[in-house]
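Worksheet for the structure shown next.
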Ligand SMILES: Nc1ncnc2c1ncn2[C@@H]1O[C@H](COP(=O)(O)OP(=O)(O)OP(=O)(O)O)[C@@H](O)[C@H]1O
């Protein structure tokens with residue numbers, strides 16, 4: 001009966017342009033209209049503004065008003081629910097009610113965290129909040145074995161960390177905490193707090209939490225925490241959205257022995273943003289390490305600077321800085337409250353903590369300096385001729401870069417300006433244009449940087465995994481046959497959330513693909529849990545339908561999907577971005593294509609394609625797709641790099657060339673105990689029909705793994721790994737665009753809740769039993785059972801209520817079942 005939903009006094013949410021939603025109530029509900037069954041509903045919002053709508057009972061059941069043609073207002077909860085710590089406790093679970101609780105807790109109670117069933121929603125405070133200290137850690141650490149709803153503690157990251165730790169011991173199962181959210185939402189900070197919690201909950205070392213980078217400590221905990229400043233220095237940069245934005249995804253496994261004490265860590269990384277090396281948007285920066293290096297050596301003597309490969313140049317971060325790769329960000333050389341020189345010291349100390357000694361550090365910094373010099377190589381063209389030239393006799397940047405890299409300058413200049421074409425066994429040279437040569441030069445710089453990053457991850461893994469007897473064997477299989485202690489791990493996945501910008505490129509495409517995969521896993525996990533709960537409570541239920549994003553995943557990774565077409569085009573010498581989009585359109589938009597609903601027409605010409613993602617439509621501009629996907633260097637440069645006299649460079653690029661080529665099985669997280677497991681944690685694609693070679697850099701017969709094939713394979717590995725662990729979810733939310741402490745923009749937050757699946761979870765829950773109370777709650781709230789039934793019937797006539805008992809014994813009140 002419609003009157004039971006809307007009757008005089010019913011509290012509702014009314015849409016409001018300024019606030020998104022505003023509370024109101026029904027002031028009149030009458031059937032005065034001549035039309036049979038038509039109700040006139042009058043609502044008044046908190047400011048006294050009146051709204052009249054009319055609808056039939058059937059329309060009310062569909063939540064559609066006839067006049068004006070709109071959705072009817074959604075029901076609001078009583079004030080007593082304004083500060084609930086778990087959204088699932090809300091009698092009316094809808095978007096405005098959820099937003100209201102999260103906003104109220106954040107703005108009025110300074111509570112950052114709210115549960116939404118199995119998910120912890122975390123709102124970034126954009127200011128320091130004293131809730132992560134050692135005392136707080138100890139408080140949460142003493143809650144083992146207690147269920148959330150038995151605790152008198154606010155929701156917290158530490159509850160999730162403690163639940164993971166307890167579940168690992170109880171179920172003898174690996175755990176993963178997935179931290180997601182958009183850039184600047186607080187993923188990395190949350191991941192760090194979780195790692196610190198793990199590192200200090202079992203120790204009484206109260207200063208662990210304060211000292212990570214730069215600590216002189218040598219305990220495993222210190223070493224695990226020291227990975228943070230290293231990864232941040234080499235993998236984070238200032239962007240327009242976040243001064244310390246991670247430009248890669250990471251999966252950090254904290255390894256425990258049979259006493260559940262930390263014995264090491266293991267890191268996997270995903271898709272470092274390479275394009276940043278040679279170009280940054282205005283107000284953004286290159287990777288922090290370059291500024292740390294420049295500032296770190298700025299005060300040194302010339303001879304000392306020579307050890308870093310930066311003698312004879314202005315390195316201070318002013319407009320006069322000598323490096324082109326840093327110059328595009330000249331307006332944002334410095335970040336407020338960040339001391340690059342001090343951070344350089346911290347990075348060096350952290351490198352030492354994970355076992356990378358000073359000599360190796362100099363080797364790394366000299367390669368970084370070489371990258372900066374590479375960017376300064378002058379590539380010109382002769383008058384009236386387009387062909388690129390580099391003056392190898394006079395170009396001092398070339399000389400400096402090649403000296404550091406141990407490569408012959410003339411050969412490098414020639415390989416960069418001329419391309420060797422192999423025509424039916426005969427080789428001849430053809431000139432590159434200036435743009436092409438610049439692209440090759442920058443490509444080499446990006447490749448070396450990415451290789452340094454991969455090498456670092458490998459070294460950290462060797463230092464924190466293999467050497468500690470965690471059961472991870474080395475590449476050489478040194479521990480084969482030895483008995484290693486069993487280990488379990490708690491992993492933190494800190495991965496970029498769904499991205500939708502004005503212009504979206506290859507990076508956004510990969511990121512959103514990853515989010516589709518994770519979303520699919522998340523929704524099916526929530527769905528499974530929901531069904532399991534009903535089964536446990538012995539409820540008579542019919543299967544709930546949930547929206548599946550498999551068609552979108554098929555479009556991307558299917559046999560003739562976007563990734564396959566991109567790879568095909570990337571491998572053709574004649575392939576261009578234009579030919580790629582032509583191929584997409586002809587394959588995916590044909591009348592017979594079953595992808596038509598997901599691969600949509602793009603309104604603005606032929607330079608972009610649009611995908612209907614679960615979180616909304618995104619258009620991807622194809623410019624640069626092929627170059628980014630190829631992601632490697634021409635054969636001639638590969639030979640020069642591998643033939644370098646710089647032994648360390650050879651070691652580093654060998655890692656780079658072999659990413660994606662190593663046997664897929666070797667990189668599987670659960671093969672960590674296998675004889676062939678590699679210590680680097682590199683993620684590798686399964687390349688059909690490819691073969692290994694003993695020659696570094698030429699490991700695959702004619703096929704270099706592309707960036708997207710490496711990424712696809714790494715996602716496959718990741719999702720397989722997630723399936724074998726128990727998963728916990730933290731969704732980080734950015735409450736405003738201006739990074740203002742405690743400011744809450746409702747529509748911005750709602751969009752993120754939608755994109756990270758919180759609203760979808762709630763929809764699934766609402767399809768079943770959206771309201772659930774424990775027996776205790778029930779008794780407390782409705783002492784007079786008869787009275788309570790009447791109230792429940794009125795309040796939830798169409799909303800089934802699930803009452804949870806300590807034991808599977810059910811009292812079920814449901815309109816479906818007419819109880
Ligand atoms: N719990 C917190 N307490 C105080 N400040 C925080 C907290 N979480 C995040 N911040 C602030 O927000 C900034 C951005 O957070 P963070 O770098 O973790 O975002 P992110 O989601 O990892 O972004 P990206 O995807 O760009 O790496 C931090 O530098 C910090 O200033």
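The values are calculated or read from the model by the stated rules, or taken from the named source; none is laboratory data. What you are looking at is a predicted structure, and each value in this text was computed from that prediction instead of being measured. No Cβ is skipped: glycine too gets one built from the backbone with ideal geometry, and neighbour counts run over all protein chains shown.
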Counted residues, segment 510-538 - those being at positive phi and in contact with a strand residue (DSSP E or B) (Cβ under 7 Å, 6 or more places away or on another chain): 0
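A quick yes/no check of all residues on (1) buried (at least 16 other Cβ atoms within 10 Å of the Cβ); (2) in a strand (DSSP E or B); (3) at pLDDT 85 or above:
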| position | (1), (2), (3) |
| --- | --- |
| 21 | yes, yes, yes |
| 26 | yes, yes, yes |
| 36 | no, no, no |
| 44 | yes, yes, yes |
| 51 | yes, yes, yes |
| 60 | yes, no, no |
Residue within segment 313-325 that is buried (at least 19 other Cβ atoms within 10 Å of the Cβ) and within 22 Å of residue 631 (Cβ to Cβ) present: yes
Some residue of segment 247-258 being loosely packed, with under 15 Cβ neighbours inside 10 Å, touching a residue at least 60 places away in the same chain (Cβ under 8 Å) and closer than 30 Å to residue 720 by Cα: yes
Top-ranked residue in segment 131-182 [being surrounded by 21 or more Cβ atoms within 10 Å (Cβ to Cβ) and more than 16 Å from the ligand (Cβ to nearest atom); ranked as farthest from residue 101 (Cα to Cα)]: 174
Meets criteria (more than 13 Å from the ligand (Cβ to nearest atom) and crowded, with 20+ Cβ neighbours inside 10 Å) for residue 281: no
Residues of segment 232-266 classified as in contact with a helix residue (DSSP H, G or I) (Cβ under 8 Å, 6 or more places away or on another chain) and within 11 Å of the ligand (Cβ to nearest atom), total: 11
Segment 184-193 - residue that is within 6 Å of the ligand (Cβ to nearest atom) and closer than 21 Å to residue 267 by Cα and, of those, surrounded by the most Cβ atoms within 10 Å (Cβ to Cβ): 187
Filter result for the condition that a residue is touching a helix residue (DSSP H, G or I) at 6+ places or on another chain (Cβ under 8 Å) and modelled with pLDDT of 90 or more, over 398, 310: 398
Qualifying residue in segment 473-487 (condition: modelled with pLDDT of 80 or more and outside any helix (DSSP H, G or I)): yes
Flag if residue 583 is outside any loop (DSSP other than H, G, I, E, B) and free of Cβ contacts under 8 Å to residues at least 24 places away in the same chain: yes
Residue among 384, 435, 395 that is on the phi > 0 side of the Ramachandran plot and surrounded by fewer than 22 Cβ atoms within 10 Å (Cβ to Cβ): 384
Candidates 527, 509 - the one that is part of a helix (DSSP H, G or I) and modelled with pLDDT of 90 or more: 509
